[in-house]
Amino acid sequence: MTNLIKNILIISLSFLLLLSIGILIVLWTFSNSIPDYRFLKNYKPPVSSKMYSGEGQLVADFSKEKRIFVPYEAIPDNVINSFLSAEDKNFFSHPGVDAKGLMRAVINNIDNIINSKRLEGASTITQQVAKNFLLTNEVSINRKIKEAILAFRIERALSKERILELYLNQIYLGSGAYGVAAASLEYFDKSIKKLNYNEAALLAALPKAPSKYNPYRNKDLAKFRRNLVLNNLYENNFISKKNYSEFKDKPIELKKIKKVFLEDSQYYIEDVRKSIINKITYEKVYNQGYNINTPINLKLQKIATQSLRNGLIAYDRRKGWRGPIKNIKYSNNWTDKIDKKFRLEKSLGWEIAIVKKINRFDVIIETEKKFQGIIEYKDISWTKKEFDQLFEKGDVIYVKKKTKKFFSLQQLPKINGGVVVMDPYTGRVLALNGGFSFKNSEFNRASQALRQPGSAFKPFVYALALENEYTPSSLVLDAPLVLDQGIDLKKWKPENYGKKFYGPSTLRTGLEKSRNLMTVRIAQNLGVDKIANFSKQMNIIEEPDELLSISLGSAETTLLSLTSAYCSFVNGGKLIKPIIIDRIQDSEGNTIINNENRKCINCDQISFTSNDFPKIGDNYKQILSPQTAYQLTSMLQGVVERGTGKKLKKLGLNLAGKTGTTNDNTDAWFIGFTSNLVIGVYVGMDNPQPLGKFETGSKAALPIFEEFVKKAIKKSDARPFKVPENITLMVVDPNTGNKAKFSSKNTIIESYKTENIFDGKIKYSNNNRLDANNILKFY
């Protein structure tokens, strides 16, 4: 008997020894291939960078994953308790692997195998951290062994709180949300600090199968899983029986995060995104959680987008109907045959529909959502065609819902354009839209399209003239002109729009009526080198050619650059640059980029009780004298009062601006401004071609400006333009520029530099009388 016991003991010890040796061999073997886990101590998960509007609203999120990092201390107890009850109730007591849980899972899985049920897992939160950060999702014994080894090592290296922090910020919780903070916003649109146990339990229910238990897909299944977590909370003494009974009967209440951005701001967002990637790098922007403050005003952005779209649609309708998107055979799944490229922004309110039946006075359609509708004759009147001329059965078209069952016919404009809205005193871009539809074309016509500005460039020629002893009353000859362009080149014969000549006219009249011949003569007198250099200084044209045609806007520029240059007329002659990013801060609040060019000069000397006001200084370059800037502004007011922009006069606002039209009406512009906003509009084809007869800046571009002003600017906002020092105002005859007589009826108030006034009269310039070619005469 003693020998038997001795033999059993020897065998047992031998078995334990061999088992220990086997375990050591396994641990040694796998330890050599275990990933380095020590980086987890200082690890920060990739966090999205966020773009904010000037009013602090979230505009865009630059990320590979939706994630918001929150430290352990900021995670409320109800969230922690819910995840512990759902995933690892012994988390704070086990060393990384839960032996009790493991044995329970083994026993349960024997029964699960016999009954062909899904196997039960026994991974602790620490093991899940090891898998999520260091291993793959491979289902194998090798991975489980590595997972267990890593869990033990992680527990020795990190605190329980740090492990839980990593887990709750890394875990995928469905709908693209990573971590509890992002999931809280995704499902409930609230901070995790405001979650109740019902909501926290739902989040804790998701890691097991995020897609299966997603409440947006299946509320009943999600509620079932949530209630299991609530039951665990009760069994673990985190909630009372009364609370459990109350919570489990409550329905799941979801609230999608309100997205105020996306569609109407996409061109602006994309320009910001490209700019910061260029400055900071893609990896940093998409992983390090920067806060990007921008000047965008979402209200103005929406108005600018709507105004541009309406203007482009109006032009497109003047050119008639071009035909359907395509023609297909009707079937129940006809929508499957429509390419994604034809689907436009929801903010347009357009839908894709198919023509089912053509009647004499209406058409029956079916929308993508299988809604049966009607298009009446009045809603196709712009096509100037009958229904049987417009459509065939199976035509796929764009429609817009009017009432419950009636729709209007829509057409994607062939033309495109851009709008820019700027603060002239800082250069902050308040709104920017680069096209009709970002989904249809990401090319930005506001910041990328290089186009000839045409007559919209003329104000800079006239500004340079005012800086060189001209006055608004200087007379310039408007008569035929033939210029030699060089050897073997044809002579250049510039013409006025309408091919008429008006004789000697004032500088003001030349700008108001956009006279080409007068502008070329001024450029001749100033010197084309001066104009080219001035356009470069104003950041309008990067490398201008010294050709006289530059005075008529032949050199290419962008809408953003031109609008920015116009700001100098409003702000007293200061050169500003367009700003689409105010400031960028890293995740810890350190400022990386700050584009504020102003500073308070005497703030450190002012007390709260004093009557002194802060003085704001800036470092903007003085590109024009304040007097010249005001004179030019006054002349551009005349464009609105009497010139090519007189359609705006009916608005009754203090407005100034200039139309622009290039050869053959290829591009149309209008750059206008109030005392605190500059608005630029460009309209043209992506592949430059004539817009059509009479499609000038005043017809194609100005209406877009007009609609924006009507919707965005109140009368109180359009204050009179500030008159600088050393400006004298006089009543003059607009035709001759002479001081008006008392009995004169046709008069205007003209602005002169005080240096040009002597004894109440306009001072003559000895250097600039009638020149040898009978071209110029100055008063």
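The values are calculated or read from the model by the stated rules, or taken from the named source; none is laboratory data. Given the structure is predicted, the values throughout are model-derived calculations rather than measurements. Cβ: placed from backbone, ideal geometry, glycine included. Neighbour counts: every protein chain shown. With ligands, DNA and RNA removed, areas are computed over all heavy atoms of the protein, side chains included. Shrake-Rupley method; radii C 1.70, N 1.55, O 1.52, S 1.80 Å.
Tabulated values for the structure
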item: Subset of the range 381-397 that is closer than 9 Å to residue 354 by Cα and not small (Gly, Ala, Ser) - its residue that is most open to solvent (accessible area, probe 1.4 Å); result: 393
item: Elements of type strands (runs of 3 or more DSSP E) in the range 251-368, at least 1 residues being small (Gly, Ala, Ser) and in contact with a Phe, Trp or Tyr (Cβ under 9 Å, 6 or more places away or on another chain); result: 350-358
item: Residue ID - nearest to the chain's Cα centre (by Cα), chosen from residues in the range 345-365 that are crowded, with 17+ Cβ neighbours inside 10 Å and closer than 29 Å to residue 305 by Cβ; result: 345
item: Strands (runs of 3 or more DSSP E) fully within the range 562-601 counting 3 or more residues that are surrounded by fewer than 13 Cβ atoms within 10 Å (Cβ to Cβ); result: 598-600
item: Where residue 387 falls short, out of the listed (1) in contact with a helix residue (DSSP H, G or I) (Cβ under 8 Å, 6 or more places away or on another chain); (2) of a type in the set (Phe, Trp, Tyr); (3) modelled with pLDDT of 95 or more; result: (3)
item: Subset of the range 58-77 that is exposed (fewer than 14 other Cβ atoms within 10 Å of the Cβ) and touching a helix residue (DSSP H, G or I) at 6+ places or on another chain (Cβ under 8 Å) - its residue that is nearest to residue 281 (Cα to Cα); result: 64
item: Conditions (1) out of contact with any Asp or Glu (no Cβ under 9 Å at 6 or more places or on another chain); (2) open to solvent by 10 Å² or more (accessible area, probe 1.4 Å); (3) in contact (Cβ under 8 Å) with a residue 12 or more places away in the chain: number failed by residue 183; result: (2)
item: Search result, residues across the range 728-747 that are open to solvent by 30 Å² or more (accessible area, probe 1.4 Å) and either aromatic (Phe, Trp, Tyr) or over 49 Å from the mean Cα position of the chain (by Cα) (or both); result: 738, 739, 741, 742, 743, 744, 745
item: Filter result for residue 507 (of a type in the set (A, V, I, L, M), buried (at least 23 other Cβ atoms within 10 Å of the Cβ), in contact with a helix residue (DSSP H, G or I) (Cβ under 6 Å, 6 or more places away or on another chain) and at pLDDT 95 or above); result: no
item: Among the residues listed as 725, 750, 755, the single one being within 27 Å of residue 468 (Cβ to Cβ) and buried (at least 24 other Cβ atoms within 10 Å of the Cβ); result: 750
item: Within the range 298-314, tally of residues that are touching a residue at least 60 places away in the same chain (Cβ under 8 Å) and open to solvent by 10 Å² or more (accessible area, probe 1.4 Å); result: 10
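Matching residues to (1) open to solvent by less than 30 Å² (accessible area, probe 1.4 Å); (2) touching a residue at least 60 places away in the same chain (Cβ under 8 Å); (3) not charged (D, E, K, R):
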{"residue": "637", "(1), (2), (3)": "no, yes, yes"}
{"residue": "649", "(1), (2), (3)": "no, no, no"}
{"residue": "659", "(1), (2), (3)": "yes, yes, yes"}
{"residue": "669", "(1), (2), (3)": "yes, yes, yes"}
{"residue": "680", "(1), (2), (3)": "yes, yes, yes"}
{"residue": "688", "(1), (2), (3)": "no, yes, yes"}
{"residue": "692", "(1), (2), (3)": "yes, yes, yes"}
{"residue": "700", "(1), (2), (3)": "yes, yes, yes"}
